[in-house]
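The values are calculated or read from the model by the stated rules, or taken from the named source; none is laboratory data. On a predicted model such as this, the values are computed, not experimentally measured, just so you know. Because the Cβ atoms are built from the backbone with ideal geometry, glycine has one as well, and the counts that use them run over all protein chains shown. For accessibility, only protein heavy atoms count, side chains too; no ligands or nucleic acids. Shrake-Rupley method; radii C 1.70, N 1.55, O 1.52, S 1.80 Å.
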Amino acid sequence: MKVSKKVIGVEYAIRDIVLAAKKVEQKGIRVDYLNIGDPVQFGFQPPDNVKQALIDAVNNGNNFYSTSEGLFELRKAVARKENAKGLSLEPDDILITNGVSEGLDMVISSIVEEGDEVLLPGPYYPPYASYVRLHGGIPVEFAVDLENSAPYIDDIKSKITPKTVAICLISPNNPTGVVFNEKSLRELVDIADQHDLYIICDEIYDQIVFDDKFVGIGKIAGDSAVIILNGFSKVHLMSGWRIGYIALNPSPKLDALREHLPKLARVRIAASLPVQYAALESLRGPQDYIAKFVSEIKKRRDFVVKRLDEMPGLSCPTPKGAFYAFPKITDNRFGTDKEFVMKLLETKGVLVVHGSGFGSQYGSGHFRLVYLPDLGVLESAMNKIQEFVSQ
Ligand SMILES: Cc1ncc(COP(=O)(O)O)c(C=O)c1O
C-alpha cells in the first residue's frame, strides 16, 4: 500500500540517530547520549508541589476530557505570565496544547497552503521544516550570525517573496543557543509588518538564559501578527507530560486565525486535564527551582564550551541560552558533518547530532551537543571528543 510523499520526507535527526547508537551498543560499546534536550532524563525533576498537583488532580477525579481550549485557570495564569513579558492578553487569547509540538502543527496547518514559503532561522529546530513540508509549504532558511546572536536582516529581506506567509523565530534557539536582543526583534517585527507576515515566536527556553536579560517578542509585538508558542517541557521540567500553549497577540490581523484555530483544538479534543492542573501549579507555586536549574546548567555550559573551543579542528561560540552547544567543525577529515558524528559514535561511543539535521544550508559543518548531563559525564565525553579530533 502506498504512503504519502509528504510523510516519506519527514526527518527528525535528534531521534533518528538513536537507531545508529543502538547498533553500536549491540557491539558492546557504552554510549554517552548527548543528543536529546530533555533535562528530566538527566536528573532534573519537576518540584514536589507540581508532582503533587498531578496526583491530586487524578485523585480528585479530574480524569475526564478538558475543554478544548484548556482549563480557564491555567489560561489565566499563562496570560499573566505572557503579560509580564510585555503582551496584553486575556485567557481567551490562549489555547492549551499537548506541547509546543502540537501547537506548531496547529498553527502551520492553519496558515500554510501548497507552495507557501515560511522563513526559518538557520539552523532551526527540525519540526519547523517538517510541519511546513507536511502542510505543503516550503521552508526557507535565513542566515543568523552565531557569534553575535543576531539575524542577518538583509538576508531575510532578500528571501521574502510573494509566497512568503510567515517568519519563525526561536529565541533562545535550539540548536545554537542564540538569543535575539530587543533591537533584532524590533527589526524582525518591522519586516514582518511591511510584508504582512505572521510572526511565530517559540519561547520555550524563555527563562533559560545565562548572560543577558531575556527579551520576549511580546515587548515589541504592538499590534503585529505575533503568535507565541511556549510550553512546560524545558523551564518547568515537565517534558514527559506533554503540555504547552499557543498565545495570540490581540491584534485584528489575527482575527481570522482566532476564528479558525479553535476548530483544530476541538478536532484533537483536548490536552490532558490532570497535567493542566500540574502546569497551573508550576506557574503559581514557588519558582526558585528554575534559578537553581539554570545556575547548575550554566556551570556545565561554561565547562563544555571552553573544552570544545580549545580542541583542534573545532570552534564553539558561547550559547546565550537553552542547553545546547553547536560547535563548528573547522577541520573535518571525515567529509560531512554526518560522517564525523557517525565516526565519533562508532569509535568513542559519544552520540551527538549532525548539524545538517537542523537544516543543510546553515547547519552543515557543525554538530549539536546537549550539555545537560552532570559534569563527570561531560568531562569523560569531552575527553573522548578530544581524543577523536586529535587523532
Ligand atoms: C525550540 C523547541 N520548540 C519546541 C520543542 C518541543 O516542545 P514540546 O515538548 O513542548 O513539544 C523543543 C524541544 O526540544 C524545542 O527545542
Exercise. Is it the case that the stretch 216-227 has a residue that's open to solvent by less than 10 Å² (accessible area, probe 1.4 Å), closer than 18 Å to Asn173 by Cβ, within 16 Å of the ligand (Cβ to nearest atom) and in a loop (DSSP other than H, G, I, E, B)?
Worked result: yes
Exercise. Scanning for something within 15 Å of the ligand (Cβ to nearest atom), assigned by TED's automatic domain parsing to the domain that holds Gly231, crowded, with 16+ Cβ neighbours inside 10 Å and of a type in the set (S, T, N, Q), does the stretch 54-76 turn up at least one residue?
Worked result: no
Exercise. Only one residue in Ala129, Ala221, Ala150 is under 28 Å from Lys6 (Cβ atoms) and out of contact with any His (no Cβ under 9 Å at 6 or more places or on another chain), so which one is that?
Worked result: Ala129
Problem set entry | Filter pass, Gly99 being surrounded by 15 or more Cβ atoms within 10 Å (Cβ to Cβ) and within 15 Å of the ligand (Cβ to nearest atom) | yes
For this session: Out of the residues in the stretch 327-341 that are surrounded by 13 or more Cβ atoms within 10 Å (Cβ to Cβ) and out of contact with any strand residue (DSSP E or B) (no Cβ under 9 Å at 6 or more places or on another chain), state the one that is farthest from Met382 (Cα to Cα).
Result: Phe334
For this session: Could you please tell me which pairs satisfy a Cβ distance under 7 Å, a separation of 6+ or placement on different chains, a first residue in the stretch 7-27 that is closer than 12 Å to Gly357 by Cβ and of a type in the set (D, E, K, R), and a second residue that is modelled with pLDDT of 90 or more and in a loop (DSSP other than H, G, I, E, B)?
Result: Glu11/Pro126
Exercise. Does at least one position in the stretch 251-262 carry a residue that is within 11 Å of the ligand (Cβ to nearest atom) and in a loop (DSSP other than H, G, I, E, B)?
Worked result: no
Exercise. Considering Tyr131, Tyr125, which residue is open to solvent by 20 Å² or more (accessible area, probe 1.4 Å), within 12 Å of the ligand (Cβ to nearest atom) and over 12 Å from the mean Cα position of the chain (by Cα)?
Worked result: Tyr131
For this session: Report, by residue number, each residue of the stretch 33-57 that is under 22 Å from Lys348 (Cβ atoms) and either in contact with a Gly (Cβ under 6 Å, 6 or more places away or on another chain) or assigned to a helix (DSSP H, G or I) (or both).
Result: Gln41, Phe42
Exercise. Among the numbered criteria (1) within 16 Å of the ligand (Cβ to nearest atom); (2) in a helix (DSSP H, G or I); (3) within 26 Å of Lys219 (Cα to Cα), which single criterion is violated by Ser109?
Worked result: (3)
For this session: Please name all residue pairs, on different chains or six or more residues apart, with Cβ atoms under 8 Å, provided the first residue is in the stretch 220-249 and is in contact (Cβ under 8 Å) with a residue 40 or more places away in the chain and within 15 Å of Gln41 (Cα to Cα) and the second residue is within 13 Å of the ligand (Cβ to nearest atom) and among the basic types (Lys, Arg).
Result: Ser233/Arg242
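Would you point out which residue out of Gln287, Gln207, Gln276 is within 22 Å of the chain's Cα centre (by Cα) and more than 16 Å from the ligand (Cβ to nearest atom)?
After applying the criteria, what remains is Gln287.
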Problem set entry | Pair list, Cβ under 7 Å, 6 or more apart: the stretch 106-118 residue in the same structural domain as Val140 (by TED's automatic domain parsing), other residue hydroxyl-bearing (Ser, Thr, Tyr) | Met106/Thr97; Ile108/Tyr131; Ile111/Tyr198; Glu117/Thr161; Glu117/Thr164
Exercise. Counting only residues that are under 19 Å from Lys213 (Cβ atoms) and open to solvent by less than 10 Å² (accessible area, probe 1.4 Å), which one in the stretch 185-201 is nearest to the ligand (Cβ to nearest atom)?
Worked result: Cys201
Exercise. Out of the residues in the stretch 29-50 that are closer than 14 Å to Leu378 by Cβ and open to solvent by 50 Å² or more (accessible area, probe 1.4 Å), which is farthest from the ligand (Cβ to nearest atom)?
Worked result: Gly43
For this session: Tell me which residues, restricted to the stretch 289-317, are among the hydroxyl-bearing types (Ser, Thr, Tyr) and either touching a strand residue (DSSP E or B) at 6+ places or on another chain (Cβ under 9 Å) or on the phi > 0 side of the Ramachandran plot (or both).
Result: Ser315
